[in-house]
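Taking it in order: structure first as structure tokens, then the write-up.
The values are calculated or read from the model by the stated rules, or taken from the named source; none is laboratory data. Bear in mind the structure is a predicted one, so any value in this text is a computation, not a measurement. Quick reminder, even Gly has a Cβ in these numbers, built from the backbone with ideal geometry, and neighbours come from all protein chains shown. All accessible areas refer to the heavy atoms of the entire protein, side chains included, with ligands and DNA or RNA removed. Shrake-Rupley method; radii C 1.70, N 1.55, O 1.52, S 1.80 Å.
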Amino acid sequence: MNISRRRFTKIAGLATVGTIVSSKAVWAANSKTLKVGLIGCGDRGTGAAEQALQADPNVIFCAMADAFSDQLEKSYASLKQKFGDKVQVAENNKYVGLDAFQRLIDSDVDVVLLAAPPAFRPDHLEAAVNAGKHIFCEKPFAVDAPGLRRVIAAAEKSKAKELALVSGFCWRYHVPKRETFNRVLDGQIGEILIAEATYNTGELWYRERQKAWSDMEYRLRNWLYYNWLSGDHIVEQAIHSIDLFSWAMGDIAPVKISGTGGRQKRTDKKFGNIYDHFGVTYEYANGSKAYFFCRQQAGTSPSYAVELAGADGRCKVNCRTGLHEISGRNRWRYDDETKFTDENAYKKSKVKNMYQQQHDELFESIRNGHPINDGDWMARSNLLALAGRMAAYTGQTISYDQALASEEVLFPKNISWDTKYELPVAIPGITKFR
């Protein structure tokens, strides 16, 4: 049985009562200027700031917040060099520390870009909504179900306050995928019987520990490798592929989730407590199944794709090669052969960069008084990733409702630079579902 939006919100409430152009001339603000602030000044946050500055001709960038001053200054220097006087961040609007987000939100910015590590997202989203800010919210949105229920409540509040809330699920803003999945949702491959999705990649960055770093600073600078900060890579990275197949299947809720996973290769202590591979099966009320696999292992074959088998045809979407194709009764192929195998690929494509597209639409919706709000479906996709991790960690088959109602809290409250916090590596059959 599909879970209705009303049921989804009810369960959630249980525990919660293009080309860069440098601006050389002096840029003057006016009554229609939108002021943008960034929380989380890493590479993705800096990229989001670039896209926001290009999305609207009357935007200035005026506030930054990050736990680390070196990361903030690196981001600032990059943005200032590219955008000149559209970047107007005074020294007293550079906020540093674990409470930096609140000081930025308390400033006079109109739009906030949330790009800090995922564990902080519920706090940051709640604060932004309460302050009446329009929001770009990078994925994922929570690392555990209690955090996600807070996100759901904040998203509902943002709708009531008529605030824009655009998620970091960038593929939803990619024109070829919109055209492809609109055809699938229109029935052009018939009822979907089987879906398969992958996000297989190599290892990511790691920062060697410095003598001056506390345990908490070391973990925050390597947040990818701690499930209480990142959600594990099924939630932090591979969630994109989960979102893709969920979108294609109409964002309906599965009835059962089962999975497996573990650490085969990334067993060194520097990799924290996360897995290096997951395999999850999502079962739906009509008998269809979605099979999902992801891994982060060096020296292995990459795969980033979704394939759907329907009663009347098949659909293939490959995020690496740019393939968007329907076969069977209604044959169709998107006319763009660009291979997206490197970071500059979208600059060569005739399709607009999806990251830019989402910011263009965000700012347009603010201007026209019809703010976009992705809150409902973005939370659903986050829950699917969390449920997959829960099933794999415990070795148990769980329901969608159970996943959403979980009371397991991964991220501790009131952390400080002196906080010492560890969680063990999960062991299926021993780790309990809570």
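With respect to the conditions (1) under 18 Å from C137 (Cα atoms); (2) open to solvent by less than 20 Å² (accessible area, probe 1.4 Å), A67 falls short on a single one, namely (2). Would segment 399-420 turn up any residue that is of a type in the set (D, E, K, R) and within 22 Å of L165 (Cβ to Cβ)? So far as segment 399-420 goes, no, none of its residues is of a type in the set (D, E, K, R) and within 22 Å of L165 (Cβ to Cβ).
Within segment 402-429, can you find the residues that are farther than 29 Å from L98 by Cβ and exposed (fewer than 15 other Cβ atoms within 10 Å of the Cβ)? The answer is I427, G429. Within segment 323-381, the set of residues being of a type in the set (S, T, N, Q), touching a helix residue (DSSP H, G or I) at 6+ places or on another chain (Cβ under 9 Å), at pLDDT 95 or above and open to solvent by less than 50 Å² (accessible area, probe 1.4 Å) comprises Q356, Q357, Q358, N373, S381.
Taken together, the residues in segment 382-401 that are under 13 Å from R434 (Cβ atoms) and either open to solvent by 30 Å² or more (accessible area, probe 1.4 Å) or not assigned by the TED database to the domain that holds Y275 (or both) amount to 1. Scanning segment 232-260 for residues that are among the small types (G, A, S), under 21 Å from the mean Cα position of the chain (by Cα) and not in a loop (DSSP other than H, G, I, E, B) yields S241, S246, A248.
Here V111 clears all of (1) open to solvent by 40 Å² or more (accessible area, probe 1.4 Å); (2) farther than 21 Å from R221 by Cβ; (3) within 21 Å of the chain's Cα centre (by Cα) except the condition numbered (1).
Flag: K432 does not match the condition of being open to solvent by 60 Å² or more (accessible area, probe 1.4 Å), basic (K, R), outside the structural domain of K269 (by the TED database) and at pLDDT below 95. Set side by side, the residues P140, P118 differ, and just one is more than 19 Å from H359 (Cα to Cα), not aliphatic (A, V, I, L, M) and not assigned by the TED database to the domain that holds Q237, which is P118.
Residues in segment 44-74 that are touching a strand residue (DSSP E or B) at 6+ places or on another chain (Cβ under 7 Å) and in a helix (DSSP H, G or I): G45, A48, A49, A52, L53, S69, L72.
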